[in-house]
1. Count, please, the residues in region 187-226 that happen to be on the phi > 0 side of the Ramachandran plot, surrounded by 15 or more Cβ atoms within 10 Å (Cβ to Cβ) and without any contact (Cβ under 8 Å) to a residue 40 or more places away in the chain.
2. Suppose we filter 143, 185 for residues that are within 24 Å of residue 79 (Cβ to Cβ) and either touching a Lys or Arg at 6+ places or on another chain (Cβ under 9 Å) or not polar (S, T, N, Q) (or both); which single one remains?
3. Can you find a residue that is in the same structural domain as residue 38 (by TED's automatic domain parsing), farther than 21 Å from residue 14 by Cα, in contact with an Asp or Glu (Cβ under 8 Å, 6 or more places away or on another chain) and in contact (Cβ under 8 Å) with a residue 24 or more places away in the chain anywhere in region 93-106?
4. Looking at region 131-141, is at least one residue over 24 Å from residue 38 (Cα atoms) and polar (S, T, N, Q)?
5. Could you count how many residues in region 113-130 are small (Gly, Ala, Ser) and more than 18 Å from residue 17 (Cβ to Cβ)?
6. Looking only at region 197-220, which residues are within 25 Å of residue 162 (Cα to Cα) and in a helix (DSSP H, G or I)?
7. In region 47-56, is there at least one residue being among the aromatic types (Phe, Trp, Tyr), without any contact (Cβ under 8 Å) to a residue 60 or more places away in the chain and in contact with a Lys or Arg (Cβ under 8 Å, 6 or more places away or on another chain)?
Amino acid sequence: MGDELAGSNAVWEFETDAVVIRYVRGMRNSRLLQALGERRIPYAALSGVEFGSGRRGGVVLRAVPRRGADPLIEAADGRLKDAADPYRLVLPAEKQLLAEYYADELRTAIGDLPEEPADRYLVEPPAAPQSFKAYDAKASFDGETVSFRWFPTGASSAKWKAGDQHFPITDLSGVEWRSAEKLGGHLRLLTRDSDSGTAGVAPEDDPTAVVFGHGYGLVHESLPLAASVLGAVQRAVRR
């Protein structure tokens, strides 16, 4: 299509095989979208288009991600607020007809795709290195290894006794992310010998997990790391 559609939270640029979404700083968007910056979404990574009403008479255009196509969406597991949804474009009421036109164009571009989940990620994950401060540790990922370095003022005695943790990506099968915006927020690494991590152990005492809290494990910092790990895990499996 080669056109652009600018909303209040992002700009969509339509290419022949993908939509490039730019989350421009200064726009009314979430810190997560600002952290993502720009994402290229192949049409093959989409399963449909939604169009509806927004706040204050505006309209919302949303591309629906295909299951299994985007590591960020897989890591979030349905726990993102609307304002942080990277597939949502918020537009003023006067752009409704234009939005409807692009919704139809996008549906045509997506075409008749298989209904089953994608067998691999089609959207690039946030690039490593990534790091953030949890309540009990600094979590970092350099592209090959996830490291947890415990804080003496936050880590439980069980974690402190276990010592700092380092997990090669080849030892992992996935992640479990729960937003810091709700109680119980944490990031848990799932290891290949047990897809549920240390099953039955609370994240506070689990050396494969870091816990979040007020000001710690913020969505715009912890979710990109989780998605980056997921992307690396899949690459390691497919080698």
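The values are calculated or read from the model by the stated rules, or taken from the named source; none is laboratory data. Just so you know, these numbers come straight off a predicted model, no measurement behind them. Every residue, glycine as well, gets a Cβ built from its backbone with ideal geometry; the counts of neighbours run over all protein chains shown.
1. 1
2. Numbers: 143 fails: within 24 Å of residue 79 (Cβ to Cβ).
It is 185.
3. Looking for residues that are in the same structural domain as residue 38 (by TED's automatic domain parsing), farther than 21 Å from residue 14 by Cα, in contact with an Asp or Glu (Cβ under 8 Å, 6 or more places away or on another chain) and in contact (Cβ under 8 Å) with a residue 24 or more places away in the chain, one finds none in region 93-106, hence no.
4. Checking region 131-141: not a single residue is over 24 Å from residue 38 (Cα atoms) and polar (S, T, N, Q).
5. First pass over region 113-130, keeping only residues small (Gly, Ala, Ser): 118, 127-128.
From the residues that got through so far, the ones that are more than 18 Å from residue 17 (Cβ to Cβ) too are 127-128.
Going through region 113-130 one residue at a time, the tally reaches 2.
6. Correct list: 203, 204, 205.
7. Looking only at region 47-56, we keep the residues that are among the aromatic types (Phe, Trp, Tyr), and these are 51.
Pick out the ones that are also without any contact (Cβ under 8 Å) to a residue 60 or more places away in the chain and you get 51.
Checking which are in contact with a Lys or Arg (Cβ under 8 Å, 6 or more places away or on another chain) leaves us with 51.
Within region 47-56 (the criterion being among the aromatic types (Phe, Trp, Tyr), without any contact (Cβ under 8 Å) to a residue 60 or more places away in the chain and in contact with a Lys or Arg (Cβ under 8 Å, 6 or more places away or on another chain)), the answer is yes, since at least one residue qualifies.
Conditions tested, residue by residue: (1) over 22 Å from residue 100 (Cα atoms); (2) surrounded by 21 or more Cβ atoms within 10 Å (Cβ to Cβ); (3) among the small types (Gly, Ala, Ser).
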{"residue": "8", "(1), (2), (3)": "no, no, yes"}
{"residue": "17", "(1), (2), (3)": "no, no, no"}
{"residue": "31", "(1), (2), (3)": "yes, no, no"}
{"residue": "41", "(1), (2), (3)": "no, yes, no"}
{"residue": "46", "(1), (2), (3)": "no, yes, no"}
{"residue": "61", "(1), (2), (3)": "no, yes, no"}
{"residue": "66", "(1), (2), (3)": "no, yes, no"}
{"residue": "77", "(1), (2), (3)": "yes, no, no"}
{"residue": "85", "(1), (2), (3)": "no, no, no"}
